[in-house]
1. Going through A:ASN81, A:ASN90 one at a time, which residue ends up being crowded, with 24+ Cβ neighbours inside 10 Å and polar (S, T, N, Q)?
2. Just one of B:PHE205, B:PHE210 is over 17 Å from the mean Cα position of the chain (by Cα) and aromatic (Phe, Trp, Tyr); which is it?
3. Could you say whether any residue in segment A:9-20 is touching a Leu at 6+ places or on another chain (Cβ under 9 Å) and either in a strand (DSSP E or B) or free of Cβ contacts under 8 Å to residues at least 40 places away in the same chain (or both)?
4. Please work out which residue is farthest from B:PRO76 (Cα to Cα), limiting yourself to segment B:2-16 and to residues that are of a type outside the set (Val, Ile, Thr) and touching a residue at least 40 places away in the same chain (Cβ under 8 Å).
5. Would you check which residues across segment A:236-256 are small (Gly, Ala, Ser) and surrounded by fewer than 24 Cβ atoms within 10 Å (Cβ to Cβ) and list them?
6. Output the number of the condition that B:CYS207 fails; it satisfies all remaining conditions of (1) more than 14 Å from chain A (Cβ to nearest Cβ); (2) within 25 Å of B:ALA75 (Cα to Cα); (3) of a type outside the set (D, E, K, R).
7. Taking helices (runs of 4 or more DSSP H) that do not extend beyond segment A:205-315, which have at least 1 residues that are touching a residue at least 24 places away in the same chain (Cβ under 8 Å) and farther than 30 Å from A:HIS117 by Cα?
8. Going by the structure shown, is A:ALA66 open to solvent by less than 30 Å² (accessible area, probe 1.4 Å), of a type in the set (A, V, I, L, M) and assigned by TED's automatic domain parsing to the domain that holds A:GLU140?
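The values are calculated or read from the model by the stated rules, or taken from the named source; none is laboratory data. The structure presented is a predicted model; accordingly, all values stated were derived computationally and were not measured. In this analysis, Cβ positions are derived from the backbone assuming ideal geometry, glycine residues included, and neighbour counts consider all displayed protein chains. Please note that ligands, DNA and RNA were not included when accessible areas were found on the heavy atoms of the full protein model with its side chains. Shrake-Rupley method; radii C 1.70, N 1.55, O 1.52, S 1.80 Å.
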Amino acid sequence: MGRSQRDVYGDALVRYGKDNENVVVLDADVSNSTKSAGFGKDFPERFFNAGIAEANMVSMAAGLAATGKIPFINTFAVFLNSIGLIGARNFGSYSKLNMKFIGAYGGLSDSYDGPSHHSLEDIAIFRTLPNFQVFVASDEYLTDWLVKNAIEVNAPMYIRISRDETRTVYTPETKFEAGKGKVIREGNDATIIACGVMVGQAVEAAEKLAEKDIYVRVIDMFTIKPVDRELILESSALTGAIVTAEEHSVIGGLGGAVAEVLTSYGGKIVQEFVGVNDCHAECGQYSQLLDKYGLGVDSLVAAVEKAIARKKEKG
Amino acid sequence: MSISLSRKQELDDLCRKFRMDLIELLYSIQTGHPGGSLSVCEILTALYFEKARVDPKNPGWEHRDRIVLAKGHAAPMLYRILAEKGFFPVEEMKTLRQLNTRLQGHPCALETPGVELSTGPLGIGLSAALGIALGLKLSKIDSTVYAVMGDGELNEGTVWEALMSASKFKADNLVIIIDRNNVQLDGTADEIMPMGDLKAKLEAFGCEVFECDGHNISELCDAIDNAKAVKEKPAAIIARTVKGKGISFMEGESAWHGKPIGFEEYKTAMAELRGEE
């Protein structure tokens, strides 16, 4: 396991924010949780704690962006995509202001706080907003790059960060590019296209499947929008069976994005959706929650086997 | 220093022209919001023609004052004034709300020269104006940000969040002007959501508050001067206005928030604006 994504994020904000005085950071009284507090400590004049008032925080950030600043907007993902949404839509999406929405505690990672604090809709919501780019951090090195990239690229962005440690799949030398998914492991029998914590789960599932002589390609589709259409179609042609895996509702997220590509551009359409099955979860220990709500390694293994069986049925 | 009587007369004449053009236009296109456009006329005229620093030849000028029309539905009046200032041809007004226009139903900063921020959803314009004010302070740019708000908009909780924040961050480069016309879409403000003692509320949220007749340009200019002089806290001006101002049958009538204008109504309105009883 690597370092927790939020710790890496907080450090990256300080490191890259130091070099660019246009970087400003806003938080809604959860800066010790999102880890934006470190930036506030080092650069107090560029840190705005807006209190527990997310809608105002987001629109304040829009005004800051209108003066050329690069605002990083921090709170739990679930509150950004609900209370903060009007500002995201009107100022980020419609006005193309250079706003960075950092969804902390993505997915089920705030596990003990329960469904009121889980975020299983954020990818779907931000993905529908024109002009938005949407990314999901899968490990510590990607988290770091996402911060750097957000400062360099002038576009409204949503970046989902996990509360917790995730399996390290990259090295400090790994190069990333928006719109280009990463092939983590090669295989010809099926492809798991995952994001976030599910990338680590997919690697583990692939290891288990290899013991049964089933070889799975694993892709980290951290770039949900723009999505890597070529890599999806190539994987579909290569393996004929796709399993999408996300710590998100099965509706409208990564699975939806991949299905849109497959159905629109002539991919071989065998796709299994691993995600939370259109329900709210509950509180509990994180890995137990992942298992119970269909995001465990065993669920992924079963989904791959089902996809391969469907592929064979189709012939 | 107060404006001269002759200058006041010039600006009053300008407002009369804006009202007549507004009625002509909204009658011809059969859409758009007359009520709130008529009430905010003098406020925007005082800003654009007397108090605010803007340059139509250089809309992105770093040292301009920023005017944010938080009550975005008054776009027709904003556009008419921007056109008069020279941001785009007056001729373009007739494309308002039509396909392929730069003049969207609510202000769009990406499309229309001179529009500072895209607004329309009520309650978030003040937050964004505050963000601009904070950004300008960080950049050490000595400009004033004017947030022109409706009083119905004050129903939105975000407005009060923004006021708390403006106070906390000592946004003394922010001047809030409230078009206090007492009428919303569904009825009077008192019927829909009574604001009670608005001055006391704004003061309680940390503003220095001024009041004036929102149809008297001299009073508006004086209030703006006073508001700009406030230090260490945001300033708010409650500009007492009449919704539908200048047209007898529209005045104070919520029905005229966004109703198309009929032929007889158009004739009556124009006669009244020309000064024929």
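1. Details: A:ASN81 fails: crowded, with 24+ Cβ neighbours inside 10 Å.
Answer to the check: A:ASN90.
2. Values: B:PHE210 fails: over 17 Å from the mean Cα position of the chain (by Cα).
Exactly one of B:PHE205, B:PHE210 is over 17 Å from the mean Cα position of the chain (by Cα) and aromatic (Phe, Trp, Tyr), namely B:PHE205.
3. Within segment A:9-20, the first condition is being touching a Leu at 6+ places or on another chain (Cβ under 9 Å), and the residues that meet it are A:9, A:12.
Next, from what is left, pick out any that are either in a strand (DSSP E or B) or free of Cβ contacts under 8 Å to residues at least 40 places away in the same chain (or both): none.
For segment A:9-20, residues touching a Leu at 6+ places or on another chain (Cβ under 9 Å) and either in a strand (DSSP E or B) or free of Cβ contacts under 8 Å to residues at least 40 places away in the same chain (or both): absent.
4. Taking segment B:2-16 first, the residues of a type outside the set (Val, Ile, Thr) are B:2, B:4-16.
In the following step, the residues that additionally are touching a residue at least 40 places away in the same chain (Cβ under 8 Å) were identified as B:2, B:7-8, B:11-12, B:14-16.
Details: B:SER2: 28, B:ARG7: 24, B:LYS8: 23, B:LEU11: 18, B:ASP12: 18, B:LEU14: 15, B:CYS15: 13, B:ARG16: 15 Å.
That would be B:SER2.
5. At the first step, the residues of segment A:236-256 found to be small (Gly, Ala, Ser) are A:236-237, A:240-241, A:245, A:249, A:252-253, A:255-256.
Listed by number, the residues that qualify are A:SER236, A:ALA237, A:GLY240, A:SER249, A:GLY252, A:GLY256.
6. The one condition B:CYS207 does not meet is (2).
7. Values: elements: A:229-239, A:254-264, A:286-292, A:297-314.
Passing ranges, in order: A:229-239, A:254-264, A:297-314.
8. Numbers: open to solvent by less than 30 Å² (accessible area, probe 1.4 Å): no; of a type in the set (A, V, I, L, M): yes; assigned by TED's automatic domain parsing to the domain that holds A:GLU140: yes.
Spelling it out, it is not the case that A:ALA66 is open to solvent by less than 30 Å² (accessible area, probe 1.4 Å), of a type in the set (A, V, I, L, M) and assigned by TED's automatic domain parsing to the domain that holds A:GLU140.
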